[in-house]
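Everything on this sheet refers to the single structure shown next.
Values in this text are rule-based calculations from the coordinates and carry no lab data. Computed from a predicted model, the values in this text were never measured in an experiment. Ideal geometry is used to build each Cβ from the backbone, glycine not excepted, and the neighbour counts take in all protein chains shown.
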Amino acid sequence: MTERPSQRTNPLADSVAVITGASSGIGEATAHVLAEDGADVAIAARRSDRLESVAEEIREQTGQAVAVIPTDVTNSQEVNELVEETIEQFGHLDIAVSNAGLGVNRPITELSDDDFSLMRDVNIDGMFYFARATIPHLCETAGNLVFTGSMAANHPRPEDAMYAATKWWTRGFAISLQGTYGPDGVAVSCINPTEVRTEFGTQTDQKFTDRFDKGDVTEPIEVADAIAFAVRQKQPNAITSLDLYRRDKIAHFWAQSNIRHTETNRLIPYAHTNMYCWYNSPYRWRPVVASWGESAFLGRHPTRPAVFVRPSHQIT
Ligand SMILES: NC(=O)c1ccc[n+]([C@@H]2O[C@H](COP(=O)([O-])OP(=O)(O)OC[C@H]3O[C@@H](n4cnc5c(N)ncnc54)[C@H](OP(=O)(O)O)[C@@H]3O)[C@@H](O)[C@H]2O)c1
């Protein structure tokens, strides 16, 4: 029987990867996993001390070469230098992971100009600069370009419209680039996770490592594994999109069309039924499930009174 690609040892041997946002979370885990699979890695982010300790660990654990290249992805010149330095140190580029990103997760009426610019600069401009700089090299090696998208790239996110819009942009950019550079042999992937236990949320003091317990949501290493699966694909295959969702997550969309406020008879948007429930521990996810069969008790906000909702078919 032919060997399954997933069973190859060192499937990325002789490959070179560059990863942005590698000083923590998904990017850090991805650097580890790609090095474990045999790639030499160039790791980028702004915090050079964090990058140095990530590099040290990877070298010790895998024996692969690691280049630390401090970079602010919002600066196109720095991004160009990141890619040039990677080529200078390793000679070629096979894998580029565009992962640096952040969310200032607030409704738009509460977003300042600076919040807006920050998300746009990192999540959109940074990903554009990185793709523009890496694609010519990936065309030479028939390489893989990966974007970290989000579940917010696939669905409405009423409470986080700006963040969601940046991720819709990312997914649109990725799939369009696949159309442009697929004929040159490049694979472009957009990996879309639901919540991951990382430092995401730092900008609003709601770091996901503090908000979620282990086992509640996806771990960074699990997203890294999905990225590794995408970049193991060689000509003629590409993983163009990979949704890594928490198993109960889609249930909230199903609940959306069936929940109405008992007093106003208005549909409760799904964001109220998942985001706000979460904050209102100890109910967490349970009210959404309960709301299907019986009336449910939902806390709209920890500091505001809760509301009763029940399935719309009981009202109309
Ligand atoms: N965590 C989740 O629930 C989740 C879900 C779906 C998608 N995502 C996406 O996953 C990606 C990685 O986030 P994460 O969850 O791993 O969060 P994280 O732990 O906060 O990591 C974010 C990374 O981006 C880097 N970064 C931020 N601004 C930068 C800039 N201007 N220049 C260079 N690097 C910058 C940070 O490094 P420095 O601060 O050192 O620069 C850090 O390494 C993001 O694109 C995020 O939107 C996250």
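Please report how far the C-alpha centroid of region 73-115 lies from that of region 19-34, rounded to the nearest whole angstrom.
Value for the Cα centre distance between the two parts: 13 Å.
For a protection proxy built on the mean count of beta-carbon atoms within 10 angstrom, sort 244-250, 181-187, 92-98 highest first, please.
So the peptides 244-250, 181-187, 92-98, ranked by packing, come out 92-98, 181-187, 244-250.
First select every other residue whose beta carbon is under 9 angstrom from the beta carbon of Met151; then total the charges, Lys and Arg +1, Asp and Glu -1.
Summing Lys and Arg as +1 and Asp and Glu as -1 gives +2.
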